[in-house]
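Beneath this line is the structure, given in structure tokens, with notes to follow.
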Amino acid sequence: MKDNKKNGFFSWLTSKIKKKEITDIKKNNREQKNSSFSNKQESILETPLIKQDNLKKDNIEILNDYSNNIEKSQNIKKNFFLRLKKSLKKTKKFFGDGINHIFSLKKIDKVLFEELEEKMLLADIGINTTNRIIDNLIKEVDRKDLKSSEKLYSLLKKNMYDMLKKVEVPLDVSGHTPFIILVVGVNGTGKTTTVAKLAQKYKREGKSIMLAAADTFRAAGIEQLEVLGKINKIPVISQRSGSDPAAVIFDAVKSAKSKKLDVLIIDTAGRLHNKIHLMEELKKIVRVIKKIDSSAPHEKILIIDSCNGQNTIQQTEIFHKSLNLTGMIITKLDGTAKGGVVFSLADQFQIPIRYIGIGEKMEDLGVFNSEEFIKSIFI
């Protein structure tokens, strides 16, 4: 195939994905179910193509008593990056190392872009986001007349970093008393566990916390939150299984306001995004909250299970349409080789990613940092 100089060196890519290839990728996903860098970022871009992970096994203390110990809190934050690197090793091996290999062995040609495209799709980055990233690279190649695959590799990392940086917005729970957080998501994403981790985090920061067990469909869910609350000495508002979740939330909001608590976290029942009546129930919950505090809920967080891959795109779309989400937490990144879905979520919705989860322990919930995420995959 000859180069067309007028249309750009890589104009061939405009028709790069055949319908059959798209169908195969979607089928595969269903079957599996589921502008320059500042000095701070130069280390990301200038990383050699092939670099062994020399990170020594980190002996991280398991912290069970957080109380309000500032030193422990600082240690948790410092060590989160080390644990993140270890937790993302599946994604790094499947995606990061695969990308590294492509750029280390190929010149800038059609084959390189085809292999890059395939690897990104298989890592659950998604067709739309993959196309956007590759199209941006092609424009850079044409504009700068790049010949070095290593420079192109740096540009790839920069583009992916920029995509994540837009959604790197830490959650600020000040400004309202109480600051009301509504936690939603489909079944099995780890909502209740994440609620407990959030409560522990804010308590460690010296804030007064209350939990609302609004998952009244599961008796076990109510009990789980009550036990976690008792262990951590955090009050939990609950009713018997089968109660109206809106009634539980009404009581919780009234109580939290009367006691002038800092944060109220509401755990809702897991619900399939395609069940219209369950999504309508969430809207009712929001209306009930607004009757007491018109500015609330102040944060509507969707919990995303990264192991569900591209299925999370449809989930996010429907929850966002129903609630106008203000944030998301991505869990179970330690259990998947396809952490590329984070890029797809960031690109398509641009909803702030508040936290990411990399394990079951309380300290395994950390503030999302785009630079650390990129380094954990590509270095």
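The values are calculated or read from the model by the stated rules, or taken from the named source; none is laboratory data. Source: prediction; values computed, not measured. Please note: Cβ atoms are built from the backbone with ideal geometry, for glycine as well, and neighbour counts cover all protein chains shown.
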Q) Do you know which residues across segment 305-337 are of a type in the set (A, V, I, L, M) and either under 29 Å from LYS257 (Cα atoms) or at pLDDT below 95 (or both)? A) ILE313, ILE318, LEU323, LEU325, MET328, ILE329, LEU333, ALA337
Q. So which residues in segment 251-309 are of a type in the set (S, T, N, Q) and touching a Leu at 6+ places or on another chain (Cβ under 6 Å), if there are any at all?
A. SER306
**Q.** Search result, residues across segment 233-292 that are in a loop (DSSP other than H, G, I, E, B) and in contact with a strand residue (DSSP E or B) (Cβ under 6 Å, 6 or more places away or on another chain)
**A.** ILE234, PRO235, SER238, LEU261
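Inspect segment 287-294 for any residue being surrounded by 19 or more Cβ atoms within 10 Å (Cβ to Cβ), modelled with pLDDT of 90 or more and within 28 Å of GLN200 (Cα to Cα) and give the result as yes or no. Before you say what the answer is, go through the steps one by one.
We begin by selecting, within segment 287-294, every residue surrounded by 19 or more Cβ atoms within 10 Å (Cβ to Cβ); these are 289.
Subset that is modelled with pLDDT of 90 or more: 289.
From what is left, the residues that are within 28 Å of GLN200 (Cα to Cα) are 289.
Yes, segment 287-294 contains a residue that is surrounded by 19 or more Cβ atoms within 10 Å (Cβ to Cβ), modelled with pLDDT of 90 or more and within 28 Å of GLN200 (Cα to Cα).
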Q: Considering every residue within segment 273-294, establish whether at least one is within 28 Å of LYS166 (Cα to Cα) and hydroxyl-bearing (Ser, Thr, Tyr).
A: no
Q) So which of LEU278, LEU323, LEU282, LEU264 ends up being on the phi < 0 side of the Ramachandran plot, under 19 Å from the mean Cα position of the chain (by Cα) and of a type outside the set (Gly, Ala, Ser)? A) LEU323
Q.
Looking only at residues that are closer than 14 Å to ILE102 by Cβ and of a type in the set (D, E, K, R) in segment 129-159, which one is surrounded by the most Cβ atoms within 10 Å (Cβ to Cβ)?
A. LYS157
Q. Would a scan of segment 316-328 turn up a residue that is in a loop (DSSP other than H, G, I, E, B), hydrophobic (A, V, I, L, M, F, W, C) and surrounded by fewer than 23 Cβ atoms within 10 Å (Cβ to Cβ)?
A. yes
Q: Would you check if there is a residue in segment 198-220 being surrounded by 20 or more Cβ atoms within 10 Å (Cβ to Cβ), modelled with pLDDT under 90 and of a type in the set (A, V, I, L, M)?
A: no
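Per-residue answers, yes or no, for (1) among the polar types (S, T, N, Q); (2) in contact with a Leu (Cβ under 9 Å, 6 or more places away or on another chain):
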| residue | (1), (2) |
| --- | --- |
| THR177 | yes, yes |
| VAL184 | no, yes |
| LYS191 | no, no |
| THR194 | yes, yes |
| LYS201 | no, yes |
| LYS207 | no, yes |
**Q.** Single match in LYS201, LYS207, LYS191 (criterion: over 26 Å from SER294 (Cβ atoms) and out of contact with any Cys (no Cβ under 6 Å at 6 or more places or on another chain))
**A.** LYS201
